[in-house]
């Protein structure tokens, strides 16, 4: 699924803080299909977008296939993160998975959306997903692979380095390689907010359980700048759609 990292505005200039608490209880909005498709596909490098599948969210029923794919990649905008046990309407995490990740991780995201649409509480969904992992209904990807998350913006919590439940709008294009059960100690990584350089090299992000663990590799600063420039129209359209998707360093 997604990297959730607490980064200070002073240190990295990447985050925009949300306003108010109403976002945590409001119902999910249904994004315009064309905008949601563009947002989802922005998680991929441009050369891979033309043949990727796209799943769109209907808050009343869950995800449905919006566009058939032919290259084994599947994309969506995640709106509910099961491990947080909180139903919010301001989570926007575009992500694309290869075939192994689609079978394992994207499947879970789609099931979570369906359970939320059925009216299940956030706490009950978390318990249900944990139960399905214990009972091997869900499992880690069956082979090595990766999730693309090179979109110009996403909105999520900043919680990987501590109990921060604040929502932030961030620009942090990166790749996520499946690494079930791996820990930072296993690869000698020491990611630290106090040391920007430590985040420029691979480190581990555990998302809810050992099965949903990834090696994270951020793109370089030059690559990030190009992504932001190339996706300027999308960024403007997303900001017009909802102000929580406005990047502070661009939409001042």
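A short reminder: the numbers here are calculations on the coordinates, not readings from a lab. This is a predicted model, so every value here is computed, not measured. No Cβ is skipped: glycine too gets one built from the backbone with ideal geometry, and neighbour counts run over all protein chains shown.
The label point for residue 200 and the one for residue 99, both projected 7 Å from the Cα toward the Cβ, are 3.7 nm apart. Each of residue 230 and residue 217 was given a label point 7 Å from its Cα along the Cα-to-Cβ line. The distance between the two points is 1.7 nm. Spatial offset of region 184-219 relative to region 33-64 amounts to 27 Å, using the alpha carbon center of each. Here the relative contact order of the chain, from alpha carbon pairs under 8 Å that lie six or more residues apart, stands at 21 percent.
Length gained on full extension, residue 142 to residue 209, computed as 0.36 nm times the residue gap minus the Cα-Cα distance: 22.5 nm.
Can you bin region 49-193 into rounded, prolate or oblate? Criterion: square roots of the alpha carbon gyration tensor eigenvalues sorted a ≥ b ≥ c, rounded for a/c under 1.5, prolate for a/b above b/c, oblate for the rest.
Details: a/c = 1.25, a/b = 1.09, b/c = 1.14.
Taking the square roots of the gyration eigenvalues as a ≥ b ≥ c, region 49-193 is rounded.
Estimated from helical segments only, the mean residue ellipticity of the chain at 222 nm is -7000 deg cm²/dmol, where each DSSP H run of four or more residues counts as -39500 (n - 2.57).
So I have (i) 14.2; (ii) 20.2; (iii) 12.7, and one of them is mean projected area of the Cα convex hull in nm² calculated from this model. Which one is it? Label of the calculated value: (iii).
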